[in-house]
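The next block holds one structure in the form of structure tokens; read it before the comments.
The values are calculated or read from the model by the stated rules, or taken from the named source; none is laboratory data. The structure displayed is predicted, hence computed values, not measured ones. Cβ sites come from the backbone with ideal geometry, for glycine too, and all protein chains shown count toward neighbours. The protein model used for the area step is the full one, side chains on, heavy atoms only, and it has no ligands, DNA or RNA in it. Shrake-Rupley method; radii C 1.70, N 1.55, O 1.52, S 1.80 Å.
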Amino acid sequence: MTAFALTCLDHVAIAVTDVERSAAWYEDVLGLTRMHDGVWGGVPTVVAAGSSGLALFPVQGSSPRPRPGRDVLTMRHFAFRTDAANFALVKAELTRRKIAFVEQDHQIARSIYLTDPDGHEVEITTYEVA
């Protein structure tokens, strides 16, 4: 047992090929909001939903390697939580916009998986299941 308490996940830092393109995608597709705009010269650019965010850093080098497979120790995906009503709205909006996603039933939750412009896997999940 620790003598301290953490309150939430603050952010996940990800490398992207084009920070502005990625920030625009997260704003447009997932409704995230830019935070701390004008600070740090745009590196990183932070986009957030509530108190959880993504710090978008430019990838180093001119020829970034692709995302590793499941046989490599790495972050597999990150997830944003929503309620059942908004989960249905996410599915409808992604379908309307012809953005590919996979839906999975995890017994205690339902999730949608999609990829951002650089292939990072993003999960939208709800624990409000019937």
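This table checks each residue for (1) within 28 Å of LEU89 (Cβ to Cβ); (2) more than 12 Å from the chain's Cα centre (by Cα).
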site	(1), (2)
MET1	no, yes
ALA5	no, yes
ASP10	yes, yes
GLU27	yes, no
LEU32	yes, no
MET35	yes, yes
VAL43	no, yes
ALA49	yes, no
LEU54	yes, no
If I filter the stretch 106-120 down to residues being at pLDDT 95 or above and among the charged types (D, E, K, R), which single residue comes out as farthest from LEU56 (Cα to Cα)? ARG110
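Which ones in the stretch 70-87 are of a type outside the set (A, V, I, L, M, F, W, C) and either closer than 17 Å to ALA13 by Cβ or open to solvent by 40 Å² or more (accessible area, probe 1.4 Å) (or both)? Step through it out loud before you land on a result.
So in the stretch 70-87, the residues of a type outside the set (A, V, I, L, M, F, W, C) come out as 70-71, 74, 76-77, 81-83, 86.
ARG70, ASP71, THR74, ARG76, HIS77, ARG81, ASP83, ASN86, listed by residue number.
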Which ones in the stretch 32-65 are outside any loop (DSSP other than H, G, I, E, B) and without any contact (Cβ under 8 Å) to a residue 40 or more places away in the chain? THR33, ARG34, MET35, TRP40, GLY41, GLY42, THR45, VAL46, VAL47, ALA48, ALA49
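Name the residue, out of SER52, SER62, that is under 20 Å from ALA24 (Cα atoms) and either at pLDDT 85 or above or open to solvent by 70 Å² or more (accessible area, probe 1.4 Å) (or both). Break it down stepwise before answering.
Values: SER62 fails: under 20 Å from ALA24 (Cα atoms).
Just one listed residue meets the conditions, SER52.
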Taking the stretch 88-130 and the residues there that are part of a helix (DSSP H, G or I) and not charged (D, E, K, R), the one that is most open to solvent (accessible area, probe 1.4 Å) would be LEU89
